[in-house]
Structure formats: structure tokens, C-alpha cells
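The structure under discussion appears below in the form of C-alpha cells.
The values are calculated or read from the model by the stated rules, or taken from the named source; none is laboratory data. The shown structure was predicted, so the numbers you read here are calculated from the model rather than taken from an experiment. So basically every Cβ, Gly included, is an ideal-geometry build from the backbone, and we count neighbours across all protein chains shown. Note: areas computed on protein heavy atoms with side chains; ligands, DNA, RNA excluded. Shrake-Rupley method; radii C 1.70, N 1.55, O 1.52, S 1.80 Å.
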Amino acid sequence: MERVSKENYYLDIAETVTERSTCMRRCYGAIIVKNDEIISTGYNGAPRGRKNCADLGRCTREALKIPSGERYELCRSVHAEANCIISASRSETLGSTLYMACRDPKAGGLIPDSSSCAMCRRLIINAGIQRVVIRDTKTDYRIVDVQKEWVEEDDSLPADI
């Protein structure tokens, strides 16, 4: 019997976490792992006590035809990565790995080339998370070295600075 790789084992769990998402556009699931121990999990959904899009039956950003990746201030959800970080202490997240999966709630399949938004990248950096592993297919994934790809290659700076 062939064992599943450690990365795909944790990505399978992150993908299962997507099933708790209440977003009508994208269902994200994330887990933080350190020393082969799951520290926390998170999915995208409205803040505790507030109505979520799935219960309301509408998405403001979708109704306004806002493209993916824009105008997050109109979104009711807290992102999966943020919820994961909120549920852990910084001492637990220092040097950890965040595993993330995203699926389409309408079609049900995985959404390849998903990534964290600019705000979640900032949270990941400040939490001291070392790597982000993102699922593209059932067996394929990408590994982001946070220091090299999101800190040193700071895409938040204008090109002329």
C-alpha cells in the first residue's frame, strides 16, 4: 500500500475544512501545522453571530459583478487564513506551515492557482508562518516560501520605488 505524501495528507484535511465555508463564490479551507501537529483550522465565512451569504441567499460582490480579488471590503466573510491565524497564538505559528485548498461551491471542483489575498499575505507574514502549501489538483500543489516570495519580493510596492 502506498502512503499519501505528508503535503497531500494535510491538504486533504484543508480541503475537508472547505466544506464548512459559507461563501457563495469560493470555498476556502486552511490549516496551520507545526511539528506535524495541527495548530488550528479556518474557513471563510461571516463573523460569529452575523448572517452569512449562504443563509442570506445572496453575495453582495456577486450581485454588483465585482471581479474576484477586488473590493474585499464589501465581502461579509473573514478569510480562511485569517480565521486560522485568529485561532492560534503567535508562538504556535512561528515557523509553521499553512495548508490551503479552494473549491468552487457551484461546480464543486478544486480551483487551481488559488492564492491568498494581499491582506491575508500580510497576516501570514506577521504570524511568522514559514511556508504556504496551496492545492491545485488532488495531487498537485505549490509551495510558497513566505520570506522569499512575499517579504523579499514585496508586490505591494509601486514599481518605481
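Heavy-atom accessible area per residue, the chain, 1.4 Å probe: how many Å²? Can you show the working numbers first?
On the way: 9520 Å² over 161 residues.
Ligands and nucleic acids excluded, the result is 59 Å² per residue.
For residue 138, list the aspartates and glutamates whose Cα falls under 16 Å from its own Cα; do not include residues on the same chain fewer than 8 positions away.
Excluding near neighbours in sequence, the set is 2, 7, 12, 15, 19, 104, 113.
Given R₀ = 35 Å, what would the calculated FRET efficiency be for residue 145 paired with residue 50, taking r from the Cβ atoms and rounding to 0.05? Before the final figure, lay out the partial values.
Numbers: r = 35 Å, r/R0 = 1.01.
Rounded to the nearest 0.05, the efficiency is 0.50.
Mind ranking 99-112, 58-71 by how tightly packed they are, going by the mean number of other C-beta atoms within 10 angstrom, highest first?
Working: 99-112: 17.1, 58-71: 11.8.
Averaged packing, sorted descending, gives the order 99-112, 58-71.
If you count the DSSP beta bridges with both ends in the chain, what percent of them are antiparallel, to the nearest 5? Write out the running numbers ahead of the final one.
Working: 20 of 24 bridges.
DSSP beta bridges in the chain are roughly 85 percent antiparallel.
Run the dipole for segment 1-150 about the Cα centre, Lys and Arg Cβ at +1, Asp and Glu Cβ at -1, nothing else charged, and hand back the magnitude in debye, nearest 20.
Working: 24 positive and 19 negative charges, 129 e Å.
Dipole about the Cα centre, nearest 20: 620 debye.
Ignoring ligands, DNA and RNA, what percent of the 1.4 Å accessible area of the chain is carbon and sulfur? Don't skip to the answer; put the middle values down first.
Values: 4600 of 9520 Å².
The value for the chain is 48 percent carbon and sulfur by accessible area.
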